[in-house]
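Taking it in order: structure first as structure tokens, then the write-up.
Values quoted throughout were computed directly from the atomic coordinates according to the rules given, and no laboratory measurement underlies them. Note that this is a predicted model, so its numbers are computed, not measured. Here the Cβ is made from the backbone with ideal geometry for all residues, glycine too, and neighbour counts use every protein chain on show.
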């Protein structure tokens, strides 16, 4: 078992899985039909990426578990999703702010992973980054339109940024798994991605007329499994109940 690669692949796959499920909760509920379709497509992209990352994790683990097993049969303390993606949808503005903050990191991460020394990691990143580029363009445009929109939309977007900003920093925390991946040339140290993220966020927030909170505090614990928000457990009871009620059920 390659424990470091397993952990890294779970982190990548759990982030896209949890956020993909969160975004899918808007299906049939978005403000307008176009947004309903766009959010559903975003969720499908993220779940597709999950299949690849958790498939790699299953290979690295070597215990005959599949990507579906890792998604549907692990308990909350085994997940490695960052706290940002676990946060509830809230209103449409909060959803899009969460999406943009994730996308801004995701694009930088996947772009760096394209040159990974691990061929499968490189292949997954090269395919996924094309989708992530669309995601970040769309979420940025929406944040700008709402932030620099009406008084009401501006207030909601500022509230969303103030709420979610303390969750954004966790993705840049380095630990022993990250160091092992960097030493092998598989993945960059998370901290090295912060400048690109900050530059993109500052540009979008300036256009949105939104103020980035003046704090470096970051909630953390999700990517290591040390601490998850209460929201993840509630989400998993909805996401996993069918597989747990009917084990090994197939379409």
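A few comments on the model shown:
- Interatomic Cα distance distribution for region 106-153, bins of 10 angstrom, percent: 28, 33, 20, 14, 5
- Extension gain for residue 216 to residue 40 (0.36 nm times residue separation, less C-alpha to C-alpha distance): 60.1 nm.
- Cα-based equivalent ellipsoid, region 52-105: semi-axes from gyration tensor eigenvalues, Å: 28, 12, 9
- Working from the Cα coordinates of region 44-158, the gyration tensor eigenvalues give, after taking √(5λ), semi-axes of 31, 18, 9 Å in decreasing order.
- Spherically averaged projected area of region 3-245 from its Cα convex hull (nm²): 12.4
- Among 54-65, 78-89, 22-33, the peptide with the highest mean count of other Cβ atoms within 10 Å heads the list, and the full ranking is 78-89, 54-65, 22-33.
- Packing, taken as the mean count of other beta carbons within 10 Å per residue, orders the peptides 38-47, 229-238 from highest to lowest as 38-47, 229-238.
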